[in-house]
Amino acid sequence: MSNRHLARSIVMQCLYQWDFKGKPTSAIPAILEQNITEFGPGLEDNIPFVRETVDNLLGNIEEIDKKIAEYAPQWPLEQMTIVDRNILRIGTYEMFWSNSVPAKVAINEAIEIAKTYGGPSSGKFVNGVLGAMYNNLIKDKPEKA
């Protein structure tokens with residue numbers, strides 16, 4: 001397992017805690033510190049990635065959630081499991097807001113995290129939603145493929 005994959009797992013755990021606790025923005029620094037301390041030993045080079053991803057994702061959360069809602073209309077965000085919702089947020093953020101992650105990598109990473117932390121159908125669900133986003137993304141921005 002790559003260090004970047006483990007870093008994304010820490011991002012997911014931070015978002016899960018934040019979401020589970022009712023989305024308290026003021027709690028983010030403490031949540032980040034706790035998860036980095038607990039799960040980040042040996043990942044020192046990837047800690048800036050974790051912090052940047054959480055900060056930038058939460059800074060764009062409304063747009064990210066709108067995009068997820070657009071591609072998963074049968075599953076309102078509040079009806080998704082907390083794990084699936086936050087994995088989709090990470091994948092969506094990386095596909096549309098991050099210039100350092102190729103779209104296919106974002107999808108594959110999200111699927112693997114869903115298989116590890118989600119339910120039996122989480123991987124397929126995440127793949128379906130992010131795959132639909134990808135198909136439209138490459139029509140509009142072929143360079144993201």
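The values are calculated or read from the model by the stated rules, or taken from the named source; none is laboratory data. Everything numeric here is computed off the predicted structure, so don't read it as measured data. The area values use the complete protein model at the heavy-atom level, side chains included, leaving out ligands, DNA and RNA. Shrake-Rupley method; radii C 1.70, N 1.55, O 1.52, S 1.80 Å.
Here the Karplus curve 6.51 cos²θ - 1.76 cosθ + 1.60, taken at θ = phi - 60°, turns the phi angles of the range 21-34 into couplings of 7, x, 6, x, 4, 5, 8, 4, x, 5, 5, 4, 4, 4 Hz, with x standing for Gly and Pro. Over the Cα atoms of the range 41-145, each weighted equally, I'd like the Debye log10 I(q)/I(0) at q = 0.13, 0.19, 0.21, 0.22 Å⁻¹, rounded to two decimals. One equal scatterer on each Cα of the range 41-145 leads to -0.44, -0.95, -1.15, -1.25.
Exceeding 23 Å between C-alpha atoms, which entries from my cross-link table qualify? They are Lys21/Lys104; Lys67/Lys139; Lys21/Lys124; Lys67/Lys141; Lys23/Lys139. Could the numbers behind the result be given before it?
On the way: Lys21/Lys104 31 Å; Lys67/Lys139 16 Å; Lys21/Lys124 27 Å; Lys67/Lys141 16 Å; Lys23/Lys139 34 Å.
As for pairs spanning more than 23 Å Cα to Cα, those are Lys21/Lys104; Lys21/Lys124; Lys23/Lys139.
Here the accessible area of the range 1-119 is 52 percent carbon and sulfur, with a 1.4 angstrom probe and all protein chains present. For the range 41-63 and the range 88-145, compute the distance between their C-alpha centroids and round to whole Å. One Cα centre to the other: 17 Å. Less than 5 angstrom separates the built amide H of Trp75 from none of the residues sequence-distant by 5 or more or on a different chain. Among Val54, Val126, Val105, the largest mean-square fluctuation in a Gaussian network model of the chain (Cα springs under 10 Å) belongs to Val105.
Considering Cα pairs under 8 angstrom that are at least six residues apart, work out the relative contact order of the chain and quote it in whole percent. Don't skip to the end; give the middle numbers.
Working: 130 pairs, mean separation 29.9, N = 145.
Answer for the chain is 21 percent.
In square angstrom, what is the accessible area per residue of the chain with a 1.4 angstrom probe?
Values: 7550 Å² over 145 residues.
With the other protein chains kept in place, the chain gives 52 Å² per residue.
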